[in-house]
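Asks: Quick one: the structure is below, and I'll ask about it shortly.
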Amino acid sequence: MIDSMDLQVLVLAGGLSYERDVSLRSGRRVLDALRAVGLTASMRDADATLLPYLEADPPDAVVIALHGATGEDGSLRGVLDLCGVPYVGCSSRASRLAWDKPSAKSMLREAGIATPEWVALPHDRFSELGAVAVLDRIAERLGLPLMVKPAQGGSGLGAAVVKEAADLPAAMVGCFAYDSTALVERFVPGADVAVSIVDLGDGPQALPAVEIVARNGVYDYAARYTAGLTTWHTPARLAPEVAASVAAAALAAHNALGLRDLSRVDLIVDAAGQPHVLGVNVSPGMTETSLLPLAVQAGGLDFGKLLAGLVGQAVARASA
Amino acid sequence: MTGTTQDDYTDRYARRVRGMTTSEIRALFAVASRPEVVSLAGGSPYIAALPLDAVGEMLGKLAAEQGTTSLQYGIGQGTIDLRERICEVMSLSGIDGASPDDVVVTVGGQQALDLIARLFLDPGDVVLAEGPTYVGALGVFQAAQAQVRHVAIDADGLIPAALEEAIVAAQGRAKFLYTIPTYQNPAGVTLSEARREEVLDICERHRLLVVEDDPYGMLSFEHDAPRPLRARRREGVFYVSTFSKTFAPGLRVGWVLAPHAVREKLVMANEAAILCPSAFAQAAVTQYLSTMPWREQVKVYREIYRERRDALLSALQDLMPPGTSWTNPAGGLFVWATLPEGLDSKAMMPRAIAARVAYVPGTGFYADGTGGSNMRLNFSFSSPERLREGVRRLSGVMEQELALRAVFGATPTHRRRGPAAADAPGPDLA
C-alpha cells in the first residue's frame, strides 16, 4: 500500500485550448484540495518547459486538469507514458476515443447504450456536396430541433440548439469556428444530468447524479461558469428507479469506453425516464461551478481525499 | 430537495450588476496571453522602452528620502506638485492657462470617467459617444445605468451632422458627449481641425457637456495633433488624460481638468470613492516629470510606435484578403479594420485563437453589440516582425472563414445582450 501523503504531485493546467481559463480554475482547485489533505503539490502549464521539468524533477504522479485537446485527446497522456510518469485518469487510447464524440457515440451504440441519433460531418463535405442539400437531408432525417456541436471540444463552446431549419447554417458556421468536424444530433428534450464515476480500486462507482437547470434554458459557456446563472440539483430530482437506470447507463458508458479512475458522463433523461448518453469527459471540470466536485460532495466524499486516493492508485499502477 | 447556484447572492445584486457574466470571448482571450499567440488584441504601451534602471533608482529614493510623505495619505484632489506639472504637460498640447486648482488627480483616466459619471448621470440618462468607442468608458456608463447612443464617425472623426441628429433624437436626455477626438481608441481616427469647432458649436448650442478623453494626443507620428477641444473652450468641456501612455500605466495616474464650478464636487466624489489618489504614484510621476527627460521618452515611444504602425499597415496591404479596409492612424496605438462582406469578427475568434493570433472583435466597442464586421488591431506592443506574422495568420483565418461562409451562405449574427466588456480583453492583455 502506497502512502499517498509522501507523494509529490504535479497538477497540469492551462494549455492553449479554448478552455485555458477553465483549466486554470480547475487546476487551482485541484491543487488546493491536494494540499488541504497534506500532499505536496505544484501546478504548471503544459508548455515547452514541461518535459525538461519532468526529466529533471519527476513527480510521483500527475493530475491532468487540462481541458480541451491537450488534456483529453490522449496525446499528452501518451507523452507522459513515454516519460514513465504515472497520471490519474484514463489511458491515452481510451481518452482519444472518448474525446472524439462521434467515435464515442459509435462505441456506446455498439454496447447497446442509448445515445441520440447523429451525423458527423467535416466542413469539406458540405462544400463538396452543397450545404443546402446536406443540411436539408439532415433536418429531414433527424428532425428538428437539432443539437449542433463540435465533434471535439467542451464547455459548450460552439454548440447550439437549432429549432428552425433556417437557423441551421448559422449554427454550422458557429460550430466550424471551433472544430473542422461538426456533430449534429437529434435534440432530446428532458432533464440534463451529469453522473461522475470514480473508481478507487474496487470497481467504478456512480456518484449521485447532478441535474442542471440553466436559468435561461441554455447551458452554454456563460451559464456554466458564471455562478448564479445555473441551478444544480444534487442529487438530481429523479424517481429512485430512474436514478438507478441513469447510474447504470453512466457506468455502462464508462465501461464501454474503457475509462479509468474518474470520468463524467453527460446524459439527458427524457419524459419517460429513459437516459440518453450525450458524451463522456475524461478530464472533467473541477472549478467551483463544475459538476464533478458537486457530485463528490453529494456522494459524501472529500474531494481532496478522493484525489489523493486516485494519485496513490496511479502510482501503484505504474509500479505494478 | 434543494438546488444550488453556487452563488447565494444572486437575488441580492444591484440592478446594474445584471448581465455581468463570463463569456466565451473572454475565455479565448485567456489563451491570447500565451507567448505562442501573436496578440494584436491588447492596448499595452511598450514599457520595455523605459529606462527601467533609472526609474528604479528614482522610485527607491522616493521611499528612502520622501517616504514620510510619499507613503502617507494625501489630499483627495491630488498633490499640488503634480497638479502643477500636469498643467505644464497640458500646455504642451495647447491647453494654456489651466489652473492647478481645476485639476483633480485620479486613478488613471478610467477613474476620471467614473467620477464624471457619478456627478452627471442618473439612471436612464443618455450619453453620446463615437461608434465605436473605448470599451472601458462603456463599462463606466453602464455601471451608471446610462444609455449609450453611438454617433457615426468617418476618417475625420465624429460626423457633425450625425451628432446633431443624435442630440435631437435624445430629446433632452443626453447629458454629455464622450469623445476621444485624437487617435481614437479603437478606430485610430482623429477629429479634423475644421470639425473640432463644428462639434463644439453644436454641443454649445444644445447645452451638451463634452467629456474629452485624450490619452493618446502626445503619441503623434507625423505632425502634432490638432489642439484638444478643451484648448478651444474653457467652459462645458471636461478634459481627461493620463500618464499611462506617456510614462507607465502601472502607476495608474490620470487626471481630469474640470470647469471651475464643478471641481469641488469632483474632489468630494474622489474622496468618497478612493479617499485620495496614491501618494507614492503621484510622487513618482512628479519626480519623473521634474528630473527625467520625459519628453525625450515620449519621442522614443512615438518612434517605436510609428515603425510598428508602418509595419502593421504594410502587412495589411500585402496580406489581407480583398474587401478588407482599415484606418490609417496618425498616432496612438490602434488600427480599426473592416472585414470583407459576410465575415463576423466575433464568430471568427475561436478560429483565430486556433491559428495563434488574437484581435478584439468590433463588438467590444459598441454598447448595442454591433460592430461584428470590424476588429481592433494594436500595434504598440509587438515587434514589426511579430505584427507581420500576426497579420499573416489573420489573413489565413479570414480566407478559411470566407470559404466557409461561401458554403453556408450569409448567416445572421447574434447580438450580444450583456455588457461590451464581455467581448473585450481585460486590461492586462498585452
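The values are calculated or read from the model by the stated rules, or taken from the named source; none is laboratory data. Computed from a predicted model, the values in this text were never measured in an experiment. Note: ideal-geometry Cβ built from the backbone for every residue, glycine included; neighbour counts use all protein chains shown.
Asks: Among the residues of the range A:286-298, count how many are out of contact with any strand residue (DSSP E or B) (no Cβ under 8 Å at 6 or more places or on another chain) and of a type outside the set (V, I, T). Talk me through it step by step, then tell me what you get.
Replies: Just the residues of the range A:286-298 that are out of contact with any strand residue (DSSP E or B) (no Cβ under 8 Å at 6 or more places or on another chain), to begin with: A:286-288, A:290, A:293, A:297.
Filter once more, so that each one left must be of a type outside the set (V, I, T): A:286, A:288, A:290, A:293, A:297.
Number satisfying all stated conditions: 5.
Asks: B:A358 versus (1) at pLDDT 95 or above; (2) away from chain A (no Cβ under 14 Å): which is the lone unmet condition?
Replies: So the condition that B:A358 fails would be (2).
Asks: How about the range A:103-140: which of its residues are on the phi < 0 side of the Ramachandran plot and assigned to a loop (DSSP other than H, G, I, E, B)? Lay out the reasoning, then the answer.
Replies: Step one: list which residues in the range A:103-140 are on the phi < 0 side of the Ramachandran plot, which gives A:103-111, A:113-129, A:131-140.
Within the range A:103-140, A:A111, A:I113, A:A114, A:T115, A:P116, A:E117 meet the criteria.
Asks: Further question: Are any residues in the range A:208-231 facing chain B (nearest Cβ under 7 Å), in contact with a strand residue (DSSP E or B) (Cβ under 6 Å, 6 or more places away or on another chain) and crowded, with 22+ Cβ neighbours inside 10 Å, and if so, which ones?
Replies: Within the range A:208-231, just A:T230 meets the criteria.
Asks: Name every residue in the range B:399-430 that is away from chain A (no Cβ under 12 Å), more than 23 Å from B:A30 (Cβ to Cβ) and in a helix (DSSP H, G or I), in order of residue number.
Replies: Listed by number, the list holds a single entry, B:E399.
Asks: Could you check how many residues of the range B:212-251 are outside any loop (DSSP other than H, G, I, E, B), charged (D, E, K, R) and under 14 Å from the mean Cα position of the chain (by Cα)? Walk me through it before giving the result.
Replies: Just the residues of the range B:212-251 that are outside any loop (DSSP other than H, G, I, E, B), to begin with: B:212-213, B:220, B:229-231, B:237-242, B:249-251.
Still in the running and charged (D, E, K, R): B:212-213, B:230.
Retained after the next criterion (residues that are under 14 Å from the mean Cα position of the chain (by Cα)): B:212-213.
Counting residues in the range B:212-251 that are outside any loop (DSSP other than H, G, I, E, B), charged (D, E, K, R) and under 14 Å from the mean Cα position of the chain (by Cα) gives 2.
Asks: Among (1) buried (at least 23 other Cβ atoms within 10 Å of the Cβ); (2) modelled with pLDDT of 95 or more, which single condition is B:P384 missing?
Replies: (1)
Asks: Of (1) part of a loop (DSSP other than H, G, I, E, B); (2) under 30 Å from A:V311 (Cβ atoms); (3) within 18 Å of the chain's Cα centre (by Cα); (4) among the charged types (D, E, K, R), A:D179 satisfies all except one. Which?
Replies: It fails just one condition, (2).
Asks: Please name all residue pairs, on different chains or six or more residues apart, with Cβ atoms under 9 Å, provided the first residue is in the range A:119-143 and is more than 17 Å from B:Q400 (Cβ to Cβ) and within 10 Å of another protein chain (Cβ to nearest Cβ) and the second residue is of a type outside the set (A, V, I, L, M, F, W, C) and part of a loop (DSSP other than H, G, I, E, B).
Replies: A:V132/B:G409
Asks: Conditions first: (1) without any contact (Cβ under 8 Å) to a residue 60 or more places away in the chain; (2) buried (at least 18 other Cβ atoms within 10 Å of the Cβ); (3) facing chain B (nearest Cβ under 9 Å). A:Y178 passes all but one, so which condition is the exception?
Replies: Among (1) without any contact (Cβ under 8 Å) to a residue 60 or more places away in the chain; (2) buried (at least 18 other Cβ atoms within 10 Å of the Cβ); (3) facing chain B (nearest Cβ under 9 Å), A:Y178 violates only (1).
Asks: Enumerate the helices (runs of 4 or more DSSP H) found wholly within the range B:1-113, keeping only those where 3 or more residues are hydrophobic (A, V, I, L, M, F, W, C) and away from chain A (no Cβ under 14 Å).
Replies: Working: elements: B:24-32, B:52-70, B:80-92.
So the answer is B:52-70, B:80-92.
Asks: Please go through the range B:164-191 and give me each residue that is more than 21 Å from the chain's Cα centre (by Cα) and β-branched (V, I, T), ordered by number. Walk me through how you get there before you give the answer.
Replies: Step one: filter the range B:164-191 for residues more than 21 Å from the chain's Cα centre (by Cα), giving B:164-174.
Hits for the range B:164-191 are B:I167, B:V168.
Asks: Let me ask you something else. Specify which of the listed residues (B:V89, B:V55, B:V37) is in contact (Cβ under 8 Å) with a residue 24 or more places away in the chain, β-branched (V, I, T) and farther than 22 Å from B:P293 by Cβ.
Replies: Values: B:V89 fails: farther than 22 Å from B:P293 by Cβ; B:V55 fails: farther than 22 Å from B:P293 by Cβ.
Exactly one of B:V89, B:V55, B:V37 is in contact (Cβ under 8 Å) with a residue 24 or more places away in the chain, β-branched (V, I, T) and farther than 22 Å from B:P293 by Cβ, namely B:V37.
Asks: Within the range B:343-354, take every residue that is in contact with a helix residue (DSSP H, G or I) (Cβ under 7 Å, 6 or more places away or on another chain) and within 10 Å of chain A (Cβ to nearest Cβ) and give me the one that is nearest to B:A422 (Cα to Cα). Working first, answer last.
Replies: Narrowing the range B:343-354 to residues in contact with a helix residue (DSSP H, G or I) (Cβ under 7 Å, 6 or more places away or on another chain): B:343, B:345-353.
If we keep only those that are within 10 Å of chain A (Cβ to nearest Cβ) as well, we get B:346-353.
Numbers: B:K346: 11, B:A347: 14, B:M348: 16, B:M349: 13, B:P350: 15, B:R351: 18, B:A352: 17, B:I353: 17 Å.
The qualifying residue nearest to B:A422 (Cα to Cα) is B:K346.
Asks: Give me a count of the residues in the range B:360-398 that are assigned to a loop (DSSP other than H, G, I, E, B) and of a type outside the set (S, T, Y).
Replies: Residues that pass the stated criteria total 7.
Asks: Ok, one more. Show me the helices (runs of 4 or more DSSP H) entirely contained within the range A:1-102 in which 2 or more residues are over 18 Å from the mean Cα position of the chain (by Cα) and at pLDDT 95 or above.
Replies: Working: elements: A:20-36, A:50-56, A:69-72, A:75-83, A:92-99.
In the range A:1-102, A:20-36, A:50-56, A:75-83 are the helices (runs of 4 or more DSSP H) which contain 2 or more residues that are over 18 Å from the mean Cα position of the chain (by Cα) and at pLDDT 95 or above.
Asks: Can you name the residue in the range A:154-175 that is closer than 21 Å to A:D266 by Cβ and at the interface with chain B (Cβ under 9 Å from one of its Cβ atoms) and is also surrounded by the fewest Cβ atoms within 10 Å (Cβ to Cβ) among such residues?
Replies: Here the answer is A:G156.
Asks: Something else: Select from the range B:150-178 the residues that are buried (at least 18 other Cβ atoms within 10 Å of the Cβ), in a strand (DSSP E or B), on the phi < 0 side of the Ramachandran plot and out of contact with any Gly (no Cβ under 8 Å at 6 or more places or on another chain) and list them in ascending order.
Replies: Once the filter is applied, which keeps residues that are buried (at least 18 other Cβ atoms within 10 Å of the Cβ), in a strand (DSSP E or B), on the phi < 0 side of the Ramachandran plot and out of contact with any Gly (no Cβ under 8 Å at 6 or more places or on another chain), the range B:150-178 yields B:L158, B:A174, B:K175, B:F176, B:L177, B:Y178.
Asks: Say whether the condition of being free of Cβ contacts under 8 Å to residues at least 40 places away in the same chain and more than 22 Å from A:M147 (Cα to Cα) is met by at least one residue in the range A:193-204.
Replies: Of the residues in the range A:193-204, the ones free of Cβ contacts under 8 Å to residues at least 40 places away in the same chain are A:202-203.
Next, from what is left, pick out any that are more than 22 Å from A:M147 (Cα to Cα): A:202-203.
Yes, the range A:193-204 contains a residue that is free of Cβ contacts under 8 Å to residues at least 40 places away in the same chain and more than 22 Å from A:M147 (Cα to Cα).
Asks: Check the range A:120-142 and report whether any residue there is under 30 Å from A:S290 (Cα atoms) and touching an Asp or Glu at 6+ places or on another chain (Cβ under 7 Å).
Replies: No; the residues of the range A:120-142 include none that is under 30 Å from A:S290 (Cα atoms) and touching an Asp or Glu at 6+ places or on another chain (Cβ under 7 Å).
Asks: Of all the residues that make up the range B:233-255, how many are of a type in the set (S, T, Y) and on the phi > 0 side of the Ramachandran plot?
Replies: Taking the range B:233-255 first, the residues of a type in the set (S, T, Y) are B:239, B:241-242, B:244, B:246.
From what's left, on the phi > 0 side of the Ramachandran plot: none.
Selection size over the range B:233-255: 0.
Asks: Within the range A:246-291, which residues are more than 14 Å from every other protein chain (Cβ to nearest Cβ), out of contact with any Asp or Glu (no Cβ under 8 Å at 6 or more places or on another chain) and of a type in the set (S, T, Y)?
Replies: Matches in the range A:246-291: A:S263 only.
Asks: Taking only the range A:140-153 into account, find how many residues are over 10 Å from A:Y178 (Cβ atoms) and either buried (at least 16 other Cβ atoms within 10 Å of the Cβ) or of a type outside the set (D, E, K, R) (or both). Write out each step before concluding.
Replies: First pass over the range A:140-153, keeping only residues over 10 Å from A:Y178 (Cβ atoms): A:140-148.
Subset that is either buried (at least 16 other Cβ atoms within 10 Å of the Cβ) or of a type outside the set (D, E, K, R) (or both): A:142-148.
Going through the range A:140-153 one residue at a time, the tally reaches 7.
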